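What follows is calculated from the coordinates using simple rules that are stated; it is not laboratory data. On a predicted model such as this, the values are computed, not experimentally measured, just so you know.
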Amino acid sequence: MSNVPPAVFISRRTALAGLGAGELGVALAARGTSAQDATAMADYPMVGMWVVVRDVTVDTDAPSIVVYSADGGLIDPSQGVAGTWQATGPRSAAWTLIDILPDGSSGCVAVRSTGKIDEGDDDTLDAPYSFTVIGADGTVMVSGEGMSCDTRLMVEPIDAGGTAPPGFPVWAPAPPADATPTP
């Protein structure tokens with residue numbers, strides 16, 4: 001990262017913001033999708049909503065909510081990113097998502113990932129990924145790898161109010177960069 005000019009420096013956290021959706025993929029037929037494929041994929045284990053810890057080594061980032069659709073779409077409304085996925089096996093998938101950086105002129109982050117839903121547990125997924133920050137001119141500015149952890153978001157009864165959803169991650173928000181520490 002030392003070769004990245006300060007004006008275009010992208011922090012790992014910014015790059016990983018694009019991961020929210022990316023960490024998980026929902027499966028789709030490897031040859032593409034159609035209305036018939038989407039109907040067939042509706043029961044694929046990854047289709048649905050997942051709570052994603054984008055980087056298991058960072059405890060200060062809030063989780064993302066990722067939606068994997070039966071037609072191969074992948075969206076993370078909490079991060080404003082989208083992508084596509086396809087099935088690679090009966091319980092596994094690969095996906096790619098793109099995050100246009102906030103100012104729109106400096107570039108984007110491409111996240112590529114794979115994952116397999118745990119055997120005997122349709123509600124958890126670990127997903128290794130790579131990310132590449134690409135400048136608006138196509139220059140690769142930085143890249144890296146990581147691991148995300150995902151838990152299926154389940155429907156709960158109304159009387160579950162007052163409790164956290166099962167398996168919902170906890171995090172310790174980092175103070176703002178310009179915050180002054182107190183003794």
message = Suppose the chain between Asp71 and Cys108 were pulled fully straight at 0.36 nm per residue; how much longer would it get relative to their current alpha carbon spacing?
response = 10.9 nm
query = How far, in nm, would the chain grow between Asp121 and Ser78 when pulled straight, counting 0.36 nm per residue and subtracting the alpha carbon separation?
reply = 12.9 nm
Distant-in-sequence amide H partners of Gly107 (H built 1.01 Å from N, under 5 Å) = Leu101, Ala136
remark   = Once the mean of 1/r over all distinct C-alpha pairs in segment 83-148 is inverted, the Kirkwood radius in Å reads 13.1
query = How far, in nm, would the chain grow between Asp43 and Trp171 when pulled straight, counting 0.36 nm per residue and subtracting the alpha carbon separation?
reply = 42.9 nm
